[in-house]
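The values are calculated or read from the model by the stated rules, or taken from the named source; none is laboratory data. What you are looking at is a predicted structure, and each value in this text was computed from that prediction instead of being measured. Note that each Cβ is placed from the backbone with ideal geometry, even for glycine, and that neighbours are counted across all protein chains shown. Calculation scope for accessible area: heavy atoms of the full protein, side chains included, ligands and nucleic acids excluded. Shrake-Rupley method; radii C 1.70, N 1.55, O 1.52, S 1.80 Å.
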Amino acid sequence: MKLKIALLAGDGIGPEVIAQAVKVADAVAKKFNHELNWRPALTGAAAIDAVGEPYPDATHEICATSDAVLFGAIGHPRFDNDPTAKVRPEQGLLKMRKKLGLFANVRPTFTFASLLDKSPLKRERIEGTDLVFLRELTGGIYFGEKGRRDAGETAFDNCVYTRAEVQRLAKKGFELAMKRSKKLCCVDKANVLETSRLWRETVQAMEKEYPEVTVSYEFVDAVAMRLVQWPNSYDVLITENLFGDILTDEASVISGSMGLMPSASLGANIGLFEPIHGSYPQATGLNIANPMATILSAAMMFENFGLLEEGKAIRDAVNSALEKGIVTQDLAEDDHSYGTAEVGDWLAKSI
Ligand code: IPM
Ligand code: MN
């Protein structure tokens, strides 16, 4: 296959982890005879510094004409501590999601046999955990009308969903459930929120199209609790934007390190693949960040093109690195750990 891939390294540790994913993806391409054409573009604080905005039109042009986007991380502390900043790196991410139509954010949480004792949860609670969140990504409170009134003394963020937005996300959820254990959980707050009642009603109406799927409806606060009590009781979960943002951070540490979990954002056409973690500014340039989440995101990218063997080659390499202790300091057993680039080199070589 010939693939054009937009490469958005972004901020903080983004460029370092992206460089490792490129090494590994290139190794896979060589092994399986694919041609990857990487197309770098600016985003985030790096783009604000260069051209004054976080998702420039030139970057959108490159993304929109590629087969996929591989994304590093976005965010810089300079903006976090300045609530008056007019332009923020995160706006770039939201604009990109909206303009590329990436409405479904796929965020898996799975465990690695060799890391069960690294989890903040007890081994017996997490053994066998393998779940996937489908987070709605281009609607809800993130994109509703927001502002101030009463001379700035009152602020509001509206949460709006249309039935069509819920349906297209839920459809992906049902389809994924059919490929897995045929279990779907709709996460909402239907006891309080009108948008959640629309979610529940819409998903209920779709159940008859997927008679083999067992659907449970659970309130978001209860799911937050059960996720740490019995994560292995869940399989596919669908939820709106903000609930999904919060729950997927919670779920991401179950495996032992946030530096391990990949994600995909899908829409009608192209997909975007990125690690779940952020830009980890304190580690920038230190060659200590764990590149595995970004590398596993590249695996999801191959799999999304139907290249399952290629994805598996990456997953197998990551598993064997974890077993052999070829890991960055977040996962190291003793004082001996490897650098970001060394982990990338090892994985590329082993593939
Ligand atoms: C995420 C991030 C973003 C979000 C931020 C950076 C805007 O937290 O991808 O989960 O809230 O969606
Ligand atoms: Mn988040």
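Some points to look at:
- Among the residues of region 163-180, those that are touching a helix residue (DSSP H, G or I) at 6+ places or on another chain (Cβ under 9 Å) and open to solvent by 70 Å² or more (accessible area, probe 1.4 Å) comprise Arg163, Gln167, Lys171.
- Qualifying residue in region 300-309 (condition: open to solvent by 60 Å² or more (accessible area, probe 1.4 Å), of a type outside the set (A, V, I, L, M) and either more than 23 Å from Ala29 (Cα to Cα) or touching a residue at least 60 places away in the same chain (Cβ under 8 Å) (or both)): yes
- Once region 220-260 is narrowed to residues that are under 16 Å from the mean Cα position of the chain (by Cα), at pLDDT 95 or above and away from ligand 2 (no atom under 16 Å from the Cβ), the residue that is nearest to Ala332 (Cα to Cα) is Val236.
- Helices (runs of 4 or more DSSP H) within region 249-351 that include 2 or more residues among the hydroxyl-bearing types (Ser, Thr, Tyr): 292-304, 340-350
- One residue stands out in region 122-138 among those that are in a helix (DSSP H, G or I) and charged (D, E, K, R): the one that is surrounded by the most Cβ atoms within 10 Å (Cβ to Cβ), namely Arg125.
- Failed criterion for Lys98 (all others in (1) crowded, with 21+ Cβ neighbours inside 10 Å; (2) assigned by TED's automatic domain parsing to the domain that holds Val51 hold): (1)
- The one condition from (1) in contact with a helix residue (DSSP H, G or I) (Cβ under 6 Å, 6 or more places away or on another chain); (2) in the same structural domain as Gln229 (by TED's automatic domain parsing); (3) modelled with pLDDT under 95 that Lys118 does not meet is (1).
- Selected residue [touching a Lys or Arg at 6+ places or on another chain (Cβ under 9 Å), assigned by TED's automatic domain parsing to the domain that holds Ala47 and more than 16 Å from ligand 2 (Cβ to nearest atom)] from Ala155, Ala85: Ala85
- Contacts under 7 angstrom Cβ, first residue in region 14-25 being in contact (Cβ under 8 Å) with a residue 60 or more places away in the chain, partner part of a helix (DSSP H, G or I) and of a type in the set (S, T, N, Q), 6 or more apart: Glu16/Thr340; Val17/Thr294; Val17/Thr340; Ile18/Thr294; Gln20/Thr294; Gln20/Thr340; Ala21/Thr294; Ala21/Ser297
- Qualifying helices (runs of 4 or more DSSP H) (wholly inside region 1-111; at least 1 residues being under 28 Å from Glu250 (Cβ atoms)): 14-32, 44-51, 77-80, 89-99
- Taking the listed residues Ala348, Ala317, Ala332, the one that is open to solvent by less than 10 Å² (accessible area, probe 1.4 Å), assigned by TED's automatic domain parsing to the domain that holds Ile74 and among the aliphatic types (A, V, I, L, M) is Ala317, with no other qualifying.
- Meets criteria (farther than 24 Å from Met96 by Cα and of a type in the set (Asp, Glu)) for Glu136: no
- Exactly one residue out of Lys183, Lys208 is touching a residue at least 12 places away in the same chain (Cβ under 8 Å) and away from ligand 2 (no atom under 16 Å from the Cβ): that is Lys183.
- Scanning region 139-157 for residues that are without any contact (Cβ under 8 Å) to a residue 60 or more places away in the chain and open to solvent by less than 60 Å² (accessible area, probe 1.4 Å) returns Gly144, Gly147, Gly152, Thr154, Phe156.
- Neighbours by Cβ (under 7 Å, 6+ apart or cross-chain): first from region 224-249, within 19 Å of Thr111 (Cβ to Cβ); second among the acidic types (Asp, Glu) and more than 16 Å from ligand 2 (Cβ to nearest atom): Asn232/Glu127
- Some residue of region 191-201 being open to solvent by 40 Å² or more (accessible area, probe 1.4 Å), closer than 20 Å to Pro108 by Cβ and assigned by TED's automatic domain parsing to the domain that holds Val253: no
- When the residues of region 234-254 are filtered to those that are crowded, with 23+ Cβ neighbours inside 10 Å, of a type in the set (A, V, I, L, M) and under 12 Å from Val223 (Cα atoms), the one that is nearest to ligand 1 (Cβ to nearest atom) is Ala251.
- Some residue of region 293-314 being at pLDDT 95 or above, under 16 Å from Ala113 (Cα atoms) and within 19 Å of the chain's Cα centre (by Cα): no
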